[in-house]
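Written out below as structure tokens is the structure these notes cover.
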Amino acid sequence: ILGATAWELGLQYAAFREDAALRPGDAVVLSGLSARPELNGARGVAVRWFPEKGRWKVELESHTCEAGLALKPENMQPLPVYRCEGFQGPWLQDGDWHCVRGCKVYGPDGEMVEDIEVLGADAFAMTLEGQSLEARLEADGQRLLWSDGDTWVRPPLHEQALVQVVLVGPELPDEYPEGELRFLGAWPEPGVAVACFRGRYEAFMASPGFVRAELAVLAHPALCLGGVSPGLFEWAPALCALAGGGRAGGDADPRAPELCVCLGAEPYAEGEWLGDGLYDPQVLRAFGFEILAPVARSSLGSRAPEHPTCGWHLWASSLAFRWPPGAQLGSEEDWLWRGYFNARRTRGELPRLRFRPAAPELRPPALAELEARRATREAGGDEEDAAASAEEQELACVTAMEWVGITVAT
């Protein structure tokens with residue numbers, strides 16, 4: 001995640017802070033509704049103000065059955081807007097950033113330069129150091145021509161964003177070329193630009209499109225203890241890259257992110273089991289990472305009931321870590337096996353969470369059927385088919401998780 005500089009962040013929200021009053025068309029999120037609590041958190045648009053009633057008419061995004069709500073201002077939280085209409089928004093002049101926000105112009109240092117007088121949809125005037133200047137927008141909206149001969153150019157869309165997010169993974173859709181950074185079109189969240197890189201993180205870090213991120217997020221990596229699943233060995237090269245490895249002499253790559261966050265999943269939501277996320281701190285410590293915030297349940301967790309195998313609770317747990325500044329890695333192969341050895345010899349430090357054993361009376365019949373099938377095959381001396389065995393093992397694992405989930409839910 002590539003964040004904007006501090007002054008750019010301030011500029012994006014300057015007009016919003018200075019003019020906190022709602023205007024027709026502003027995006028809002030509902031809160032504090034006691035009569036309709038199910039609508040709290042819903043997003044909508046403030047359509048019209050009724051002064052005699054002291055309420056706004058609000059149309060919701062995700063509740064199409066609602067003809068419109070009449071809400072008090074205190075039940076609506078304005079959402080920060082990112083307007084880039086007409087001459088509003090960011091501009092570049094010889095590499096320096098300028099921003100037009102509302103009726104003000106901000107310079108490269110983020111300080112307000114001057115108020116502007118809007119002359120029309122595509123022009124405004126400004127007085128700078130006693131000189132009256134006019135700026136006029138070209139028809140294509142990409143250049144702002146000043147009366148003194150200066151020209152401001154609209155930066156590329158992805159450079160205008162508050163936050164740039166790069167999704168990295170080998171299983172991204174095939175429409176994204178492997179090994180290339182490809183920006184998506186307009187993103188529904190204002191001020192956010194998203195790009196995709198189909199491939200592994202270590203390949204992304206070695207690619208020409210790589211830019212140092214302020215934050216790297218590992219989404220549900222399952223850094224399983226001892227590498228009993230693909231987790232540890234599949235993620236180890238990426239972890240090495242996150243530590244700044246892969247350079248000659250074992251020196252850390254200065255382009256490695258300063259902060260990393262590991263987000264874990266758990267089966268069947270809201271339960272008492274954090275799954276593989278419990279082992280992530282142990283594995284990260286084994287490789288030499290510094291844990292900045294221990295594993296904890298995340299408030300951003302969400303259900304995914306349409307998951308093909310079981311109803312996962314995504315983003316269920318989180319922890320923050322980094323590679324210690326100045327620490328040496330050595331060769332990637334030595335680093336990998338040293339981490340694997342340390343993970344195997346380290347005793348797990350599980351957080352103080354309640355664990356509930358699966359209830360015997362809720363045992364899924366599919367487990368008994370699998371056991372009977374294996375017993376029959378072994379008794380008959382049949383050769384084990386590798387593909388069938390792998391399929392049975394996966395089915396047994398998923399069914400066992402369903403057993404735990406049913407127990408928790410019951």
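The values are calculated or read from the model by the stated rules, or taken from the named source; none is laboratory data. Only a predicted model underlies this, so the values are computations on that prediction, with no experimental measurement involved. Glycine gets a Cβ as well: all are built from the backbone with ideal geometry, and neighbour counts include every protein chain shown. Protein only, heavy atoms only, side chains kept; ligands, DNA and RNA dropped before computing areas. Shrake-Rupley method; radii C 1.70, N 1.55, O 1.52, S 1.80 Å.
Among the residues here, residue 35 does not qualify as in contact with a Lys or Arg (Cβ under 8 Å, 6 or more places away or on another chain), open to solvent by 40 Å² or more (accessible area, probe 1.4 Å) and at pLDDT 80 or above. Within region 286-301, residues that are touching a residue at least 60 places away in the same chain (Cβ under 8 Å) have Cβ atoms under 7 Å from residues that are assigned to a loop (DSSP other than H, G, I, E, B) and surrounded by 13 or more Cβ atoms within 10 Å (Cβ to Cβ) in these pairs: 286/346, counting only partners at least 6 apart in sequence or on another chain.
Of the residues making up region 38-51, those that are within 25 Å of the chain's Cα centre (by Cα) and open to solvent by less than 30 Å² (accessible area, probe 1.4 Å) are 39, 42, 44.
Mind listing whichever residues of region 318-347 are in a helix (DSSP H, G or I) and open to solvent by 50 Å² or more (accessible area, probe 1.4 Å)? Please lay out each step first, then the result.
To start, the set of residues in region 318-347 that are in a helix (DSSP H, G or I) comprises 332-345.
Listed by number, the residues that qualify are 332, 333, 334, 337, 338, 340, 341, 344, 345.
Residue under question is residue 54, and the condition is that it be surrounded by fewer than 15 Cβ atoms within 10 Å (Cβ to Cβ), out of contact with any helix residue (DSSP H, G or I) (no Cβ under 7 Å at 6 or more places or on another chain), at pLDDT 70 or above and not β-branched (Val, Ile, Thr); does it hold? In short, yes.
Only one of 400, 387, 375, 379 is at pLDDT 80 or above and either more than 24 Å from residue 318 (Cα to Cα) or assigned to a helix (DSSP H, G or I) (or both); which? Spell out the reasoning first.
Values: 400 fails: at pLDDT 80 or above; 387 fails: at pLDDT 80 or above; 379 fails: at pLDDT 80 or above.
That would be 375, the only listed residue that is at pLDDT 80 or above and either more than 24 Å from residue 318 (Cα to Cα) or assigned to a helix (DSSP H, G or I) (or both).
Considering only residues in region 57-71 that are modelled with pLDDT of 80 or more and not aliphatic (A, V, I, L, M), the one that is farthest from the chain's Cα centre (by Cα) turns out to be 57. A count restricted to region 74-126 and to residues that are among the polar types (S, T, N, Q), farther than 15 Å from residue 153 by Cβ and at pLDDT 80 or above stands at 1.
Give me the pairs: first residue in region 304-324 and of a type in the set (D, E, K, R), second residue open to solvent by 70 Å² or more (accessible area, probe 1.4 Å) and modelled with pLDDT under 85, beta-carbon distance under 8 Å, and six or more apart or on different chains, which are they? Here the result reads 322/258, each pair linking region 304-324 to a residue that is open to solvent by 70 Å² or more (accessible area, probe 1.4 Å) and modelled with pLDDT under 85.
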